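Since every read-out is calculated from the coordinates, none of them should be taken as a lab result. Being a predicted model, the structure only gives us computed values, none of them experimental. Here the Cβ is made from the backbone with ideal geometry for all residues, glycine too, and neighbour counts use every protein chain on show.
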Amino acid sequence: MAEQEALCDIGFIGLGVMGKNIALNLADNGYKIAGFDLDHHRIDDLIEEDALERGEQEPRIIACQSYTQLLSKLKAPHLIILSIPAGSAVDDVCLKLIDAGIKADDIIVDTGNSLWTDTIEREKRYQGKFIFFTTAVSGGEVGARFGPSLMPSGDPYAWARIEPVWHAISAKVEPETGRALERTHHTQPLTVGEPCATYIGPAGSGHYVKMVHNGIEYADMQMICEAYHIMRESLAMTPVEIAAVFRQWNKGVLNSYLIEISSEVLEHFDDETGKPLVDIILDKAGQKGTGLWTAVSALQIGAPATTIAQSVFARSLSTLKHARVRASNFLVGPNVEQVKESEKAQCIEQIHDALYCSKIVAYAQGFQLIKLAAREQKWPIDFGGIAKIWRAGCIIRAAFLQKITDAYDRDSDLGNLLLDEYFAGEIAKYQNNWRQAISHATITGIPCGAFSSALAYYDSYRTENLPASLLQGQRDYFGAHTFERVDKPLGKKYHIKWTDQDRPMVEVD
């Protein structure tokens, strides 16, 4: 019995930045961890950090040197969490655990940024060998350490076993207000508040929701950068001055983690040159692929996530640094004077409202994409629940998300956030400034693709009759693709025999 009590609660494989912090978070909340990583230095670093944090208490984490040893140190049935790169590495570890003797009722949880279709295939592939479960994680290294947002999906039995674990380590919010509860030290695990972890649905659904979360994140970041760019170039504001504006915005409807960290980045000065750090960082944006996956999925499903896609393209365009340098000395833009000092406050207000309205549209596109995917995959998604777990812990966490939760509380079948009374009212109130900000940027030659695509989406969505009628006529002319008529039942297809001189119309079966 004493030997059984000494066994660990959870096995943890992959002790990089995210894995190490999740493992320590689990230890903070009373779980004994058996850790393993192919890089033994990472294991040593984790054990050393655990020793510093626990003081005189019993070790909370033990080091393992092999997959077989890891299994031998765990209580049965085994619960093993993976924090490793997406792709073939996941299958490699799963196969090694099978060789080491993992059982059919053991659970392996993939917490990496796996492609959702890979997750579906893995659940099928490993059925009968062990239970493959997934949990998408958002919040970066700080969130992992002190409370992330968690999006689990897969076998309901596995969720029943892991639910108390994820509820313990996740970020927490006040249920009534949606305000994030802060945890900043390992000695203060949160035992109160609503956990930012909820079961999303069948295999693949959690990683799909996280993928769209990252797509929205791309859009949110790009729109903040466009706001910065307009203020920097047209209003001749310094990074520190723009940081002060962002800090003011963070007290209102734009309150968010991304606005907060943008302020900090803009206030930071490079030690070596003494210049603002933002002027030292090369303007080439990287990406790990989840935003691209979101844009590709939107195209495949037919969801017009235009602002998310534009934000992916903006990163791609930024990588063409050499070409942009050459073009800047060759291509001509408008010659417009900078905004007068007396007009700055009004312009800043317009930029604020453009960011706010564009943000609403980006979230509307993201949730619409999840809705269409859920319908196609037959996932029973709780959209209000998704908004709830994004209120704290994740990268796009914002006070704004409480309003999305409220919208789905009012109508759980809401087809688009723009059709919610609150959000429709907000855009009606601020859209003139939104349009003014985009007009100003366009006239002065400052690119604002995310702002512009969001406005184009909004105007298209609210337009009863789009020029797609002409487009469909063009398609019928060159390819006999047929069309429907406004004065006939939906579903009836027609074609004009364009090569016939009389051009008769025929109904197509």
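Quick notes on this structure:
- In this structure, the residue pairs whose Cα-Cα separation is over 24 Å, taken from 172/210; 251/340; 284/344; 251/284; 20/388, are 251/340; 284/344; 251/284; 20/388.
- Checking every one of the GluC sites (Glu not before Pro) in region 129-193 against DSSP loop status and a limit of 14 other Cβ atoms within 10 Å picks out 176, 182.
- Across region 211-461, the relative contact order, built from alpha-carbon pairs under 8 Å that are at least six residues apart, equals 29 percent.
- Cα centroid of region 302-316 to Cα centroid of region 325-388, whole Å: 10
- Gained length - residue 52 relative to residue 288, 0.36 nm times residue gap less alpha-carbon distance: 81.6 nm
- Correct choice for mean projected area of the Cα convex hull in nm² that was computed from the model, options (i) 29.3; (ii) 31.2; (iii) 23.2: (ii)
- Cut-off of 10 Å, at most 16 other beta carbons, DSSP loop: longest stretch of the chain lacking such chymotrypsin sites (Phe, Trp or Tyr not before Pro): 1-329
- Other-chain or far-sequence residues with amide H under 5 Å of residue 11's (modelled H): 34, 79, 80, 81
- Using R0 = 30 Å, the C-beta based FRET efficiency linking residue 6 and residue 300 works out to 0.05.
- Percentage relative contact order, region 468-508, counting C-alpha pairs under 8 Å, at least six apart: 28
- Backbone N atoms of region 337-368 closer than 17 Å to the 7 Å Cα→Cβ label point of residue 244 belong to residues 341-349.
- Within straight-line reach of residue 75, meaning a Cα separation under 20 Å, sit the following lysines at least 8 residues removed in sequence or on another chain: 32, 96, 103, 129.
- Label separation (residue 29 vs residue 319): 3.6 nm, computed from points 7 Å beyond Cα along the C-beta direction.
- Signed unit charges on C-beta, dipole axis of the chain, positive-most listed residue 47, 8, 66: 66
- Candidate cross-link partners of residue 429 among the aspartates and glutamates, defined by an alpha-carbon separation under 20 Å and a same-chain spacing of 8 or more, comprise 349, 353, 406, 420, 421, 459.
- 10 Å Cβ shell holding at most 16 others, DSSP loop, trypsin sites (Lys or Arg not before Pro): longest site-free stretch of the chain: 379-461
- Efficiency of FRET from Cβ geometry, residue 174 and residue 477, R₀ 56 Å, rounded to 0.05: 0.40
- Across region 272-280, computed HN-Hα scalar couplings (Karplus, 6.51 cos²θ - 1.76 cosθ + 1.60, θ = phi - 60°) run 6, 9, x, 8, x, 4, 4, 8, 9 Hz from first to last residue, x flagging Gly and Pro.
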